[in-house]
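Read through the structure below, which is laid out as structure tokens, and then see the notes.
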Amino acid sequence: MNITASLVKELREKTGAGMLDCKNALVETEGNIEKAIDLLREKGLASASKKAGRIASEGLVDSYIHGGRIGVLIEINSETDFVAKTDRFKDFVRDMAMQVAAANPKYVSKEDVPEDVAEREKHVLIQQAMNEGKPEHIALKMVEGRMGKFYEEICLLEQNFIKDPSMKIKDILNENISKIGENLKIRRFVRFEVGEGLEKKEENFAEEVAKQIGN
């Protein structure tokens with residue numbers, strides 16, 4: 001079947017995938033645009049993986065302030081300034097800033113967690129398991145699962161997305177890489193909360209943010 005330029009353009013507009021990816025998907029599905037969309041979605045993670053090594057040095061620094069109580073600055077990089085100016089990229093950056101405000105991660109990824117921090121947590125979890133009466137070899141296996149929960153709490157990429165808890169942030173990132181067609185990188189963030197580190201009345205501002213975002 002002859003795959004026309006207009007059909008490729010239509011698929012690109014619907015998916016945000018690259019022109020070549022769109023053409024190949026249409027060839028593979030014999031011009032069926034709905035099947036091509038499904039195919040591109042199925043290949044989304046593989047597509048994102050291929051782009052992961054490409055340099056992303058453009059992007060945006062954005063801020064999010066919640067009620068004058070919590071503030072976030074976040075930097076997310078793209079490969080080109082063109083993509084950084086698109087609404088989809090801006091929406092993604094804003095969603096990530098809101099995620100940081102609501103979920104209060106400490107690091108971007110598991111690789112960013114200092115070794116001494118991870119080892120200290122492992123030691124505590126092993127002792128907890130052994131205090132529960134578990135033999136050491138069982139305790140060591142239990143710690144693997146419990147460390148997963150630990151990383152979910154402190155690493156942005158491992159957290160569930162506040163707008164759709166069925167997806168992790170790393171899935172949202174990969175989806176946007178696939179649809180935008182460039183490598184994207186959440187580089188760094190900083191979060192401020194009024195009175196943080198000071199003795200004060202117990203208030204859960206992060207929970208308040210999450211509830212409001214979810215509405």
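The values are calculated or read from the model by the stated rules, or taken from the named source; none is laboratory data. Keep in mind that what you see is a predicted model, and the values were worked out from it rather than measured. A quick note on method: Cβ atoms are made from the backbone with ideal geometry, for glycine too, and the neighbour counts reach across all protein chains shown. The accessibility values were calculated without ligands, DNA or RNA, using every heavy atom of the protein model including side chains. Shrake-Rupley method; radii C 1.70, N 1.55, O 1.52, S 1.80 Å.
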Using label points projected 7 Å from each Cα along Cα→Cβ, tell me how many nm separate ILE138 and ASP116, to one decimal.
3.4
So how much slack lies between VAL190 and LYS90, counting 0.36 nm per residue of separation and subtracting their Cα-Cα distance, in nm?
34.2 nm
Residue-normalised accessible area of segment 42-187, expressed per residue, 1.4 Å probe, Å²:
54
Got a number for carbon plus sulfur as a percent of segment 84-179's accessible area, 1.4 Å probe?
48
In a Gaussian network model over the chain where Cα atoms closer than 10 Å are linked, find which of LEU184, LEU157, LEU140 has the largest mean-square fluctuation.
LEU140
Counting only GluC sites (Glu not before Pro) that sit in a DSSP loop (anything but H, G, I, E, B) with at most 16 other Cβ atoms within 10 Å, what is the longest stretch of the chain containing none of them?
31-131
How much mean residue ellipticity at 222 nm does the chain get from its helices, if each DSSP H run of length 4 or more adds -39500 (n - 2.57) and you divide by all residues, to the nearest 500 deg cm²/dmol?
-17000 deg cm²/dmol
Modelled label-to-label distance, ARG146 and ARG41, 7 Å Cα→beta-carbon offset: nm?
3.9
With angles folded into 0 to 90 degrees, how steeply does helix 19-28 sit against the dominant principal axis of the chain? Use alpha carbons for both and round to 10.
70
Taking the Cα centroid of segment 170-184 and of segment 127-166, what is the distance between the two, rounded to the nearest whole Å?
27
Where the only charges are on Cβ atoms (+1 Lys, Arg; -1 Asp, Glu), what is the dipole of segment 58-193 about its Cα centre, to the nearest 20 debye?
280
Would you work out which of LEU156, ASN77, PHE192 lies farthest towards the positive end of the dipole of the chain, given +1 charges on the beta-carbon of Lys and Arg and -1 on that of Asp and Glu, about the Cα centre?
ASN77
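How big is the C-alpha Rg of segment 100-215 next to the rule-of-thumb value 2.2 N^0.38 Å, as a ratio?
Against the empirical 2.2 N^0.38 Å value, I get 1.28 for segment 100-215.
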Taking N as the number of residues in the chain, the ratio of its alpha carbon radius of gyration to 2.2 N^0.38 Å works out to 1.24
Quick query: amide H of LYS106 versus all other amide H atoms, modeled in the peptide plane; which residues come in under 5 Å with a sequence gap of 5 or more or a different chain?
CYS155, LEU156
